[in-house]
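First comes the structure, then the notes that go with it.
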Amino acid sequence: MKFEAAHQAFIDKHVEQRTGERRGRLLRGHGHGETLFLKKVWWPLFANFENLHPEYEILDWRRRSYFGDFAYLPKGLKLIIEIKGYGPHVQDMDRQKYCDELNRELFLQIAGFRVISFAYDDIAHRPEQCIWLLRMLLSRYHPSHKSTNLLSLAEQEIIQFAISRTKPIRPADVIQHLDINYRTAIKVLKSLVDQGKLQAVYSGNGTRIRYYKLSERLEFYEL
């Protein structure tokens, strides 16, 4: 099914399930930015809208209704996704609205939701970056069916470890982080280099690997 047909069916389904203000909010609130996010980021990543809820209603700390652009609610995860344009979320926001937005996001964290925001400009002009970042986040909760053996799990953990560091990684870092032996560490690092996920940096004469760094290609990481 093509995106346009799948998207229309997705919205129609949720409209049919809602009444009152929840229905009205969906009809009014699901606009260009939200549709663009689904088309350029969500659909290329998943090719479906399972467990995704548009204009999702939550009561905030004042017991007032708040509608998140999307809620992603697979088993074991509560994720709120916001699409933010520079104008309404920066230029047109006064101090009270700014405080309310920060308080709301904190309250959602307290309520067990993880809140992430994407800039409209990134969705429109740099969707591959949004896909990569969302893929990296969700990989912490939904490891691929391909990543079931110990080697694949170790590869995934090393990528996460490399991202969290401010400097390249050495075999000794991997050995300490994963509590594995040198031979296994080298095997996993070599596999990541072969896949293009890491780059090996050699010493001056090019005979010995000094350290490993993340690939510069944003699209390298798969769920």
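The values are calculated or read from the model by the stated rules, or taken from the named source; none is laboratory data. Because the structure is predicted, anything quoted here is derived from the model rather than measured. Neighbour counts run over all protein chains shown; Cβ positions are idealised from the backbone, glycine included. Each accessible area value is taken on the protein alone, full model and side chains, heavy atoms only, with ligands, DNA and RNA left out. Shrake-Rupley method; radii C 1.70, N 1.55, O 1.52, S 1.80 Å.
Right, Lys78: in contact with a strand residue (DSSP E or B) (Cβ under 9 Å, 6 or more places away or on another chain), open to solvent by 60 Å² or more (accessible area, probe 1.4 Å) and modelled with pLDDT of 85 or more or not?
Values: in contact with a strand residue (DSSP E or B) (Cβ under 9 Å, 6 or more places away or on another chain): yes; open to solvent by 60 Å² or more (accessible area, probe 1.4 Å): yes; modelled with pLDDT of 85 or more: yes.
For Lys78, the condition - in contact with a strand residue (DSSP E or B) (Cβ under 9 Å, 6 or more places away or on another chain), open to solvent by 60 Å² or more (accessible area, probe 1.4 Å) and modelled with pLDDT of 85 or more - is met.
Hey, can you tell me all the residues within the range 96-122 that are surrounded by 12 or more Cβ atoms within 10 Å (Cβ to Cβ) and of a type in the set (A, V, I, L, M)?
Selection gives Leu106, Leu108, Ala111, Val115, Ile116, Ala119.
Answer with yes or no whether Thr35 is of a type in the set (Ser, Thr, Tyr) and within 19 Å of Tyr72 (Cβ to Cβ).
So Thr35 passes the test.
Looking at this structure, is Tyr202 open to solvent by 60 Å² or more (accessible area, probe 1.4 Å) and touching a residue at least 60 places away in the same chain (Cβ under 8 Å)?
Considered against the rule, which asks whether it is open to solvent by 60 Å² or more (accessible area, probe 1.4 Å) and touching a residue at least 60 places away in the same chain (Cβ under 8 Å), Tyr202 comes out as no.
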